[in-house]
Amino acid sequence: MFCLDKCLQSIRRKLGMQPTRPRGVPSSTAGGRRKSVFAEAYNPEDDDDDDTQKVMHPKSDIQRARLAAAVKNIFLFRSLDVFQMQEVLDAMFERKVTPGESVIEQGDDGDNFYVIESGQYSIYVQPDGAAAPKKVGGYDSSGSFGELALMYNMPRAATIQADTNGSLWAMDRQTFRRIILKNAFKKRKMYEKLLESVPMLKTLEPYERMNLADALVPQTFNNGEIIIEQGDDADGMYFVEEGTVRIMRAEHNQEERQVSTVTKGGYLGELALLTNRPRAASAYAVGEVRLAFLDREAFERLLGPCMDVMKREMQQYEQELRKVFGTDVHIDDLK
Ligand code: 1OR
């Protein structure tokens, strides 16, 4: 069982959100519309798929192909099995937007979740007491939004406005909660502690850390197993959830030597992504190791704010390498 109410309240607090009100009680009136907040508690254990009416929006083959392409890189869809994916695609419907159109208004109740097929969108947030909304970001032809209100039963946290013509795929609240929420909630809970314990990720907003949790994939390795092989092309990076990883490097085809170890809260595999070079060292599990894998595309999309920290830490690698190999080793020359 999840400690659900407590968990949700703590997540809302971290996001700086208002607490939920009982059903039907009006919430803030940003945007001038009447709003109420649904306060039904979510309990994944109570979910029963069988007696729920499945939503079906018929689509042409072309529309279906466009939709499948749009959802391909959506992190929240990653842990769905083929049947769940089928149901989700059936339930989604297209919404065309024009410049200036407001898709979501901060403070409203959550109705749909949206996946972007095309178009540019701005994100505005008006903090409590602020005179006007402030632009905090945007989307360009990809990504998704509108999950927070549906996930945590709170009013819309931001306003999303279309800046150009565009096409969105929407999913109703019930389908989102029945299929997507169950998986995503477990994952966000599972990775919440890990992501809070990684010092580098302190530079991320709580909201950005949650997106990161959606993108992570759990992996386990047994004692001695190779995680990364020196010279390989890089496909992603890892965060250490549990256990120790030994980093070994061979200079000029000689025997491997240990250059460092990485433990809980640390990370590895980012260097090749940052330098666009092959793996500079190998990594082995010491005992059983639990890792969270982040692929290259998600790394580029989500870890922008951490780049400076990672680059600073790269210089430490040079010092470690010099200690082990005694030569003047530069990260940029590593092969
Ligand atoms: P929602 O259902 O609350 C508005 O409806 C959506 O905007 C929200 O779900 C998110 O999908 C999306 N903080 C909160 N919501 C955001 C943010 C955001 N960015 C996009 N959304 N912040 C921007 C972080 C870069 C934090 C601002 C302090």
*Given the conditions (1) touching a residue at least 40 places away in the same chain (Cβ under 8 Å); (2) open to solvent by 30 Å² or more (accessible area, probe 1.4 Å), which single one is not true for E256?*
(1)
*Could you tell me whether any residue of the range 165-179 is in contact (Cβ under 8 Å) with a residue 60 or more places away in the chain and open to solvent by 30 Å² or more (accessible area, probe 1.4 Å)?*
yes
*Residues of the range 101-116 that turn out to be surrounded by 20 or more Cβ atoms within 10 Å (Cβ to Cβ) and outside any loop (DSSP other than H, G, I, E, B), as a count*: 7
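Here are some residues: T261, T203, T244. Which one is modelled with pLDDT under 85 and of a type in the set (V, I, T)? Lay out the reasoning, then the answer.
Numbers: T261 fails: modelled with pLDDT under 85; T244 fails: modelled with pLDDT under 85.
Among T261, T203, T244, only T203 is modelled with pLDDT under 85 and of a type in the set (V, I, T).
From the list E313, E242, exactly one residue is among the acidic types (D, E) and either part of a helix (DSSP H, G or I) or within 30 Å of G137 (Cα to Cα) (or both). Which is it? Reasoning before the result, please.
Numbers: E242 fails: either part of a helix (DSSP H, G or I) or within 30 Å of G137 (Cα to Cα) (or both).
The unique qualifying residue is E313.
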*Which residues, taken from the range 142-178, are more than 11 Å from the ligand (Cβ to nearest atom), assigned to a loop (DSSP other than H, G, I, E, B) and closer than 20 Å to D214 by Cα?*
S142
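The values are calculated or read from the model by the stated rules, or taken from the named source; none is laboratory data. All values derive from a computational prediction rather than experimental measurement. Counting neighbours? That spans all protein chains shown, and the Cβs are built from the backbone with ideal geometry, glycine included. Ligands, DNA and RNA are excluded from the accessible area calculation, which covers all protein heavy atoms including side chains. Shrake-Rupley method; radii C 1.70, N 1.55, O 1.52, S 1.80 Å.
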